[in-house]
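Chemist: Right, I'll just put the structure down here and ask away after.
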Amino acid sequence: MAKVTILGATGNVGIFAAHTISEIPYVSDMLLVGRPGREDFLAGCCRDLSDSFAARGTDIRLSYSTNLADTKDSDIFICTAGMPRQPGQDRNDLAFENAKIIAETAETIGRSSPDAILFLVTNPVDVMTAVALKYSGLQPRQVFGLGTHLDSMRLKSLIARYFRVHVSEVHTRIIGEHGESMVPLWSATTIGGIRINHLPTFSGLPAQEMIDTVRTSGEAIIRDKGSTVYGPGEAIATLVRTILGDENRILTVSSYIKSEIHGIGDVCIGVPARINRNGVFPVPLSLEEDEVAGFKESVVKIRKITAEVMERLEAAR
Ligand SMILES: NC(=O)c1ccc[n+]([C@@H]2O[C@H](COP(=O)([O-])OP(=O)(O)OC[C@H]3O[C@@H](n4cnc5c(N)ncnc54)[C@H](O)[C@@H]3O)[C@@H](O)[C@H]2O)c1
Ligand SMILES: O=C(O)C[C@H](O)C(=O)O
């Protein structure tokens, strides 16, 4: 059984993730962490969630805190703390402001919970994963971000609708940045176990339109309803269940790669990784030429933003 701590629990994604994670049978304790001054709101969240646990018959010890010292003994931290983007902003516009929050938080967690797993949701998630890895001092397997898992789910849903099949029949991946330079892996896309380009209807697939829709999905939802919540909240729970259940699923998350993909590495970015109770382990891959080219471009972009943020963080200390 495990203790799960949610940082940024008063936010839209944090509180819905608390709800989705509470459905995972391996969770015995859940701690909601918010900023000082938010005690009443956190207390209200605990009462409201407790009612839902009772209605569902879930037995989880739920508590809240505004003090990171109380997070000791957590098995997994989910970090949703930080600014979300506003309509018209790019996720990367948030990089430095959110990096300051993540660096400070990660430093504390690394010292007080050296065996924990640290799961980043805060955007830009690839850069935040690198910042958390550096400042926590944890091992690469212990630190990862939601990466392109949500993008992969969005593409899966579009493909399933196009071919009129159940979503569980579709396997697909998007790698690279959780952002503009994301790269769809059509070579790794199957329907009912059959490679998508072996299906007669493949020639009519509006592939570019689909990937454009995925690329702009977060932006469109934020413009229409203010924030993306249900997609990320369920995606977060999938990852937490995979870890706590020691499931060894291969999901596409932001992880530190040394050189696993065509010799490309030294960056935190979305890649397929085997995920279990010990953490996240990128899977070496062989890709099509155009996919490698797209991935290289994405890596160069994320490396540059990460380096700039790290430099500014150091200068600000
Ligand atoms: N990676 C993904 O796929 C994905 C999906 C959805 C949201 N996000 C990101 O998650 C983050 C949260 O989104 P949201 O919609 O819940 O935002 P929100 O504004 O509703 O919540 C933000 C939370 O961060 C906390 N916070 C803000 N500044 C802080 C600081 N200086 N120190 C500590 N805590 C602070 C707030 O108190 C609040 O709890 C954003 O960065 C958003 O872009 C990522
Ligand atoms: O788009 C955003 O800013 C939120 C999140 O990254 C998403 O893709 O839903």
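Chemist: Looking only at region 102-124, filter to residues that are within 16 Å of ligand 2 (Cβ to nearest atom) and of a type in the set (Val, Ile, Thr); which one of those is nearest to ALA2 (Cα to Cα)? Give the steps one after another, and end with the answer.
Modeler: So in region 102-124, the residues within 16 Å of ligand 2 (Cβ to nearest atom) come out as 102, 119-124.
Subset that is of a type in the set (Val, Ile, Thr): 102, 121-122.
Details: ILE102: 23, VAL121: 20, THR122: 22 Å.
This residue is VAL121.
Chemist: Identify all residues within region 199-227 that are surrounded by fewer than 12 Cβ atoms within 10 Å (Cβ to Cβ) and modelled with pLDDT of 95 or more; write none if there are none.
Modeler: Once the filter is applied, which keeps residues that are surrounded by fewer than 12 Cβ atoms within 10 Å (Cβ to Cβ) and modelled with pLDDT of 95 or more, region 199-227 yields PRO206, GLN208, GLU209, ASP212, ASP224, LYS225.
Chemist: Under 9 Å between Cβ atoms, at least 6 apart or on separate chains: pull out the pairs that start in region 168-189 with a residue that is in a helix (DSSP H, G or I) and end on any residue that is of a type in the set (S, T, N, Q) and surrounded by fewer than 20 Cβ atoms within 10 Å (Cβ to Cβ).
Modeler: Partner pairs satisfying both residue conditions: GLU169/THR190; TRP186/ASN197; SER187/ASN197.
Chemist: Given the criteria farther than 30 Å from PRO87 by Cα, away from ligand 2 (no atom under 16 Å from the Cβ) and not charged (D, E, K, R), does SER259 qualify?
Modeler: yes
Chemist: Cβ-Cβ below 6 Å, separation at least six or inter-chain, first residue in region 47-64 and under 15 Å from LEU31 (Cα atoms), second part of a strand (DSSP E or B) and charged (D, E, K, R): which pairs?
Modeler: Within 6 Å, the pairs are ARG61/ASP29.
Chemist: Could you check region 287-314 and list, in sequence order, the residues that are open to solvent by 70 Å² or more (accessible area, probe 1.4 Å) and either in contact with a strand residue (DSSP E or B) (Cβ under 6 Å, 6 or more places away or on another chain) or over 15 Å from LYS134 (Cα atoms) (or both)?
Modeler: The initial filter retains those residues of region 287-314 that are open to solvent by 70 Å² or more (accessible area, probe 1.4 Å), namely 288-290, 296-297, 300, 303-304, 308, 311-312, 314.
Of everything in region 287-314, those that are open to solvent by 70 Å² or more (accessible area, probe 1.4 Å) and either in contact with a strand residue (DSSP E or B) (Cβ under 6 Å, 6 or more places away or on another chain) or over 15 Å from LYS134 (Cα atoms) (or both) turn out to be GLU288, GLU289, ASP290, LYS296, GLU297, VAL300, ARG303, LYS304.
Chemist: If ALA235 passes every condition in (1) outside any helix (DSSP H, G or I); (2) within 16 Å of ligand 1 (Cβ to nearest atom) but one, which one does it miss?
Modeler: So ALA235 meets the others, but not (1).
Chemist: From the list GLY294, GLY218, exactly one residue is part of a helix (DSSP H, G or I), over 26 Å from LYS3 (Cβ atoms) and within 15 Å of the chain's Cα centre (by Cα). Which is it? Lay out the reasoning, then the answer.
Modeler: Values: GLY294 fails: within 15 Å of the chain's Cα centre (by Cα).
Going through GLY294, GLY218 in turn, just one is part of a helix (DSSP H, G or I), over 26 Å from LYS3 (Cβ atoms) and within 15 Å of the chain's Cα centre (by Cα): GLY218.
Chemist: Quick check on this structure: which one of VAL125, VAL131, VAL167 is surrounded by fewer than 24 Cβ atoms within 10 Å (Cβ to Cβ) and either closer than 17 Å to GLY231 by Cβ or within 14 Å of ligand 1 (Cβ to nearest atom) (or both)?
Modeler: VAL167
Chemist: May I pose another question? Please state which one of ALA116, ALA132, ALA95, ALA160 is in contact with a Cys (Cβ under 8 Å, 6 or more places away or on another chain) and among the small types (Gly, Ala, Ser). I'd like the intermediate steps shown before the answer.
Modeler: Details: ALA116 fails: in contact with a Cys (Cβ under 8 Å, 6 or more places away or on another chain); ALA95 fails: in contact with a Cys (Cβ under 8 Å, 6 or more places away or on another chain); ALA160 fails: in contact with a Cys (Cβ under 8 Å, 6 or more places away or on another chain).
Unique residue meeting the criteria: ALA132.
The values are calculated or read from the model by the stated rules, or taken from the named source; none is laboratory data. The structure presented is a predicted model; accordingly, all values stated were derived computationally and were not measured. Glycine gets a Cβ as well: all are built from the backbone with ideal geometry, and neighbour counts include every protein chain shown. Heads up: the accessible areas ignore ligands, DNA and RNA and are worked out on the full protein's heavy atoms, side chains in. Shrake-Rupley method; radii C 1.70, N 1.55, O 1.52, S 1.80 Å.
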